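Have a look at the structure below, then the notes.
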Amino acid sequence: MDVLRTPDERFDNLPDYPFPPNYIDVETRKVPPLRMHYVDAGPADGPVVVLLHGQPTWSFMYRKIIRVLADAGMRVIAPDHIGYGRSDKLADATAYSFRRHVDWAQSLINGLDLRDVTLVVEDWGGPIGLSALAREPERYAGVVATNTILYTFDPALAGRLTWAHHALDDDRVVLQEALLDYVTFFERSPDIDPSLFLDAVAGPLEADVRAAYDAPYPDPRYKAGFRQTTALIPLTRNDPGATIGRETMAVLGHFDRPFLTAFSDDDAATRGWDTVFQEHIPGARNQPHTTLSAGHFVVEQKGDELAAIIAQFVRSAG
C-alpha cells in the first residue's frame with residue numbers, strides 16, 4: 001500500500017499558522033499504521049478541545065480558533081484526517097472508507113489518552129468525530145457542532161432539511177440534485193484544488209491563504225483522500241456510512257452532556273440539521289444555540305466569533 005508524505009517545506013511560512021507539527025501513529029484494520037499530524041497548543045493541563053475539520057480543508061482552517069482558545073488557557077488538539085494536511089496520504093483512493101476515518105480519529109483520541117474532551121466538529125468532522133464519540137461517549141465533556149450532518153436516511157427528515165437526503169419508502173430515497181452534482185464533480189474532474197471551493201464560498205481570500213489550503217497536495221497523487229471523501233457520502237440506505245450514521249444517531253439520543261449548535265445562516269447543504277440535533281440530543285436542551293452570518297466555511301469566515309462561542313461553552317460546561 002503506497003503511502004505519500006507531503007514534504008515539510010510545503011508548510012513553511014503559512015499565514016497565521018505558526019504551530020509546530022506533532023505526529024502520532026494511528027491504526028485501522030488491513031492498513032499499516034499511518035502518521036497523523038495534529039496541532040497541540042495551549043497549556044498541557046488546560047481543558048481539552050479537539051477541533052475536527054471537514055472536506056476539503058485541513059487544520060489550517062482552525063488557525064484563528066486555535067490561537068484564541070490556547071490564549072484562553074485551553075489545550076487545543078487540531079488533527080488532520082488521514083489524506084489531508086500534514087498527515088500521511090494513501091495513494092489508492094479505494095483504501096479510504098468512512099469506518100477507517102472513524103477508526104483513525106478514535107485512534108488519535110485514545111493514543112493521546114484525551115479525556116473530558118470538548119469536541120468541535122464541522123462538515124465531515126461531524127460524521128467522523130461524532131461516530132468516534134459514539135464508541136466511547138464517556139471520554140467527552142461536550143460538543144460544539146457547526147455546519148455538519150449525519151447520514152441516517154431517516155424518513156422523518158423529509159421537509160426538515162434544505163438539501164433533501166432521506167428515505168421515502170421501502171426502496172426509494174430523495175437526494176438533492178446539488179448534492180449529486182457535487183459528488184460527480186469530484187469524481188469526474190481531472191484535477192481539483194481545495195482553494196477553489198474555499199475562495200468561492202468564503203472568499204475572496206488572500207493569495208497566501210489560498211496557497212496554504214493547497215499546500216498539502218504537490219500533485220494529483222496526493223489528493224486521493226480529500227477527493228475520495230465525496231464518494232463516501234452515502235447515497236442509499238444500504239451504504240455502510242448510512243449504517244454508521246444511524247448507529248451514531250442512536251447513541252446521541254442518549255448523550256446528556258452539553259451539546260451546542262453554532263450553524264451559519266447561509267449554508268443550504270447543512271441547514272436544518274441544527275434543529276434536528278437540538279431536538280434529538282438530550283444534552284442540547286436549554287443550550288444557548290446560535291446562528292452565525294456566514295456560508296458553509298463558517299470557521300474560515302467567522303473564526304474569531306466562533307472561537308468566542310466555543311470558549312464560553314467550555315467555561316460554562318466546566
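Where a number appears in this text, it was derived from the coordinates with a stated rule and is not lab data. Remember, predicted model here, so these are calculated numbers, not experimental data. Note that we place each Cβ from the backbone using ideal geometry, even for glycine, and neighbour counts take in every protein chain shown.
Data for the structure
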| quantity | calculated |
| --- | --- |
| Estimated vicinal HN-Hα couplings, Hz - the range 264-274 in sequence order (Karplus 6.51, -1.76, 1.60; Gly, Pro = x) | 9, 8, 9, 9, 4, 5, 10, 4, x, 6, 4 |
| 15 Å beta-carbon shell around Asp214, net charge (K/R +1, D/E -1) | -3 |
| Vicinal HN-Hα couplings computed from phi for the range 7-23 (Karplus, 6.51 cos²θ - 1.76 cosθ + 1.60; Hz; Gly/Pro x) | x, 4, 5, 5, 10, 6, 6, 6, x, 6, 9, x, 6, x, x, 10, 9 |
| Using θ = phi - 60° and Karplus 6.51 cos²θ - 1.76 cosθ + 1.60, couplings along the range 228-242 (whole Hz; Gly, Pro as x) | 5, 4, 5, 5, 8, 5, x, 10, 9, 5, 7, 5, x, x, 5 |
| Over the range 129-225 - Rg/Rh using Cα atoms and the Kirkwood inverse-distance radius | 1.05 |
| Those lysines that a straight Cα-Cα span of less than 18 Å connects to Lys223, excepting residues fewer than 8 apart in one chain | Lys89 |
| Other-chain or far-sequence residues with amide H under 5 Å of Asn147's (modelled H) | Ala262, Phe263, Ser264 |
| Given 10 as the ceiling on other Cβ atoms within 10 Å, longest exposed-site-free region of the chain for trypsin sites (Lys or Arg not before Pro) in DSSP loops | 31-318 |
| Equivalent ellipsoid semi-axes - Cα gyration tensor, the chain, angstrom | 26, 24, 20 |
| Gain upon complete extension [Asp214, Asp266; 0.36 nm per residue less C-alpha separation] | 16.3 nm |
